[in-house]
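Just below is one structure, and these are the notes that go with it.
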Amino acid sequence: MAPPVASRQTDFCHPGLMNIEGTYTLQASPEEVWQCLTDKAVLRHALPGLTQIEERGKETYAISLSIQQAPLAGTYTGQLRITDRHAPYYCHFTLEGAETTNAISGEGTLHLNERHGNTVLAYKGNITFGQLVPPLVTRGAAKLLTQQFFIALAEQLRQRQEQQPASTHPQTDDLIILSSHASSSNGEVASPVSLKVVRLLRLGEGDPEQEVLWAARLRQASILSGLLFLVWLGTRLPRRA
């Protein structure tokens, strides 16, 4: 059976079922985003109205969602099951609710892709709130909850990044950045230019501490050479009578 036909039959069997999909860009790596998505404490803060997320078995959680705004006002319950995951890039889940008017159900997938140091999260799935909620209301609620979730998730990521040690800096291919000015254990300061020369000449044999020492020596040698040049230049200038 062709996918479009199957989709129409599913919508017919469940009038409140609504398909949703979209993308959202987060300023963090896929690993960082994945850690937040699998952290129950983060989800409680990020997902609007989430009042319960309790582990009931392997990859299975009981959830409860409380919505205050009409016409969806009420508490919706369901069972979330992770059916497939490939950390930190892919996840498929199902949401099963009991046969009650306040059950939430559906399924979806999450794809995380790294792009220019950020993470593009693509989501796709369907959801239904109870048996009496019309599709138009479900669509609006799902869109609002999704937007609020990603805004809150981005804030959680920002807070985590601010809590990381300030001394942690990524290493580049051209030079080593330890602080605004790299320094060795004895206090010698090395400029980024001298560090780059040391790495090109491989004077430190790949050891960051030795590279800083060599860079400081080169800087001192260049200063001394400059002073000697000035002394020599002074001896060559004609003296006044």
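Taking the simple approach of a point 7 Å from Cα along Cα-to-Cβ for both S66 and K143, what is their distance in nm?
Inter-label distance under the simple model: 2.8 nm.
In square nanometres, what is one fourth of the surface area of the convex hull spanned by the alpha carbons of the stretch 78-140? List each step's numbers first, then the result.
Details: hull surface 20.3 nm².
Averaged projected area of the stretch 78-140's Cα convex hull equals 5.1 nm².
Extension gain K124-Q27, at 0.36 nm per residue separation less the Cα-Cα distance, in nm? Please report the intermediate quantities before stating the final value.
On the way: separation 97, 0.36 × 97 = 34.92 nm, distance 2.06 nm.
Using 0.36 nm per residue and subtracting the Cα-Cα distance, I get 32.9 nm.
Treating the stretch 23-79 as a set of equal point scatterers at the Cα positions, no solvent, please give the Debye-formula log₁₀ I(q)/I(0) at q = 0.12, 0.13, 0.30 Å⁻¹.
-0.37, -0.43, -1.16
Values in this text are rule-based calculations from the coordinates and carry no lab data. Bear in mind the structure is a predicted one, so any value in this text is a computation, not a measurement. Because the Cβ atoms are built from the backbone with ideal geometry, glycine has one as well, and the counts that use them run over all protein chains shown.
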